[in-house]
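Below is one structure, written out as structure tokens; comments come after it.
Bear in mind these aren't lab numbers, they're just calculated from the coordinates by the rules spelled out. Owing to the predicted nature of the structure, the values given are computational and were not obtained by experimental measurement. So basically every Cβ, Gly included, is an ideal-geometry build from the backbone, and we count neighbours across all protein chains shown.
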Amino acid sequence: MLYQRSSALFKDAEQVIPGGVNSPVRAFKAVGGTPIFAKSAKGAYVYDEDDNRYIDYINSWGPMLLGHAYQPVVDAVIAKAKQGTSFGMPTEIETKIAELAVSMVPNIDKIRFVNSGTEACMSAVRLARGYTGKEKIIKFAGCYHGHSDAFLIQAGSGAVTFGSPNSPGVTQGTAKDTLLATYNDIDNVNALVDANKGEIACIIIEPVAGNMGCVPPKNNFLKALRTICDQNDILLIFDEVMTGFRLAKGGVQELYNVDADIVCFGKVVGGGLPVGAFAARNEIMSHLAPLGNVYQAGTLSGNPLAMAAGLAMLTSINSDQDLFKRLADKTKYLHEGCANALNKYHVVHTINRKGSMISIHFAEDEVVDFDSAAKGNNETFKAFFHGMLNEGIYIAPSAFETWFITDALSYEDLDETIRAVEKVAQTL
Ligand SMILES: *Cc1c(COP(=O)(O)O)cnc(C)c1O
């Protein structure tokens, strides 16, 4: 494939934007080469500035659950834009999407909309601290909760890809309040809680992790966390920025039948526009300003275009009874096809999958936490990434990312992908 225009555009971008990108995961630093510049996208395909077509498995890093330029979302945004793009006053559509979200997700009474997943997680932790009057938090190595200071401690995908899991600029004071636990290791969590009795406000987790590849929770891990939280007056925060409205209508709470105290959303909830949200029972949400004194605000929060996109997205998801089964079936088909192709050429690998999330790890052992994810062979991944790109398949340029399956993918697209994996596997 030719990438002339992308390469030229990247050179221009590098002059005025750090690293040429507005979010580091878009750079090709971990795999070499220069990023592809997107021109347009429709359904399962993205087209670059050189008019190459790719089957897209990034899908804007998750939001495009129903495919690119999904018509109901596009129509809703255009119609809203004609009525004004922002008011800084309450609008009816904010209540509409809040009502729908609260009806879809178990165990929440109220939801507050913000502009990104980062903001949602940052605000959720502030609320947990304000509610419990305690300061420390527990997070898991390899889980990503956005780029606010408290979370940039062993932060998964982007941060790991760029070799700075613990970012400079985060003060010692902030870092000491974030305790780091091992995913899927309940003894480790117990030990941390015991060593910090009465000091922990919340445990925040990606309940199905997606930022060290896809790593589902082991049997009863989430239930055990729930028990520890109940016994120690700790709030359990499910960061469902990736999994919310993707793995089930009600997210991981529904899927694993475990209640969280605060749930964070992003990605799918905005239908491709910048939206995040956090939600909880009344008892907790009543501590938030203007009802309570935990402050949180946003000039563009609940923006009408963003809410229109999100509402159209959630409405489609809510009215489609087969969606999650279709997505899971497609992902399983892809899993089996990729495994066969890699096995045929004896490529050492492990594939993890949950619903519409899947990741291929070039590692021998089971991938259950950050350490096992980090054992993957990055040289193999680099070759795989570029091989796939050359075959017109766009996966994330990092070994620590999940592939996002969209409903727009046809079985022909999946077969084309599997054929590409087989072709590339021969070269690994
Ligand atoms: C993407 C992501 C975030 C951050 O969301 P942004 O919108 O990029 O700020 C937080 N948590 C998880 C689990 C994510 O996948």
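Some points to look at:
- Table column - 3J(HN,Hα) (Hz), region 325-337, Karplus curve with 6.51, -1.76, 1.60, x for Gly and Pro: 5, 4, 4, 5, 5, 4, 5, 5, 4, 5, 4, 5, x
- For region 62-76, backbone phi angles converted through the Karplus equation (6.51, -1.76, 1.60; θ = phi - 60°) give residue-by-residue couplings of x, x, 7, 4, 9, x, 6, 6, 4, 3, x, 6, 4, 4, 5 Hz, Gly and Pro being listed as x.
- Solution diffusion estimate, µm²/s, Stokes-Einstein, region 288-428, Kirkwood Rh from C-alpha pairs, 37 °C, viscosity 0.692 mPa s: 188
- Helix-only [θ]222 nm of the chain, DSSP H runs n ≥ 4, -39500 (n - 2.57) each, per residue, nearest 500: -12000 deg cm²/dmol
- The chain: relative contact order in percent, alpha carbon pairs under 8 Å with at least 6 residues between: 22
- The calculated FRET efficiency for residue 233 paired with residue 2, based on their beta-carbon distance and R0 = 45 Å, is about 0.15.
- Annotation: amide H of residue 276 within the under-5 Å range of 114, 115, 116, sequence separation 5 or more or interchain, hydrogens built in the peptide plane.
- For region 71-319, the spread of Cα positions along the three principal axes, ordered from largest to smallest, is 56, 38, 36 Å.
- In region 211-287, the chymotrypsin sites (Phe, Trp or Tyr not before Pro) that fall in loop regions by DSSP, at most 10 other Cβ within 10 Å: none
- Size descriptor for the chain, Kirkwood hydrodynamic radius: 22.0 Å (Cα pairs only, one decimal).
- Phi-based couplings in Hz for region 104-117 (Karplus 6.51, -1.76, 1.60; Gly and Pro marked x): 8, 9, x, 6, 10, 9, 9, 9, 10, 8, 10, 9, 7, x
- Amide H contacts of residue 179 (H built 1.01 Å from N, under 5 Å, at least 5 apart or other chain): 137, 138, 139
- In region 1-133, lysine pairs closer than 19 Å at Cα, eight or more apart or cross-chain: 4
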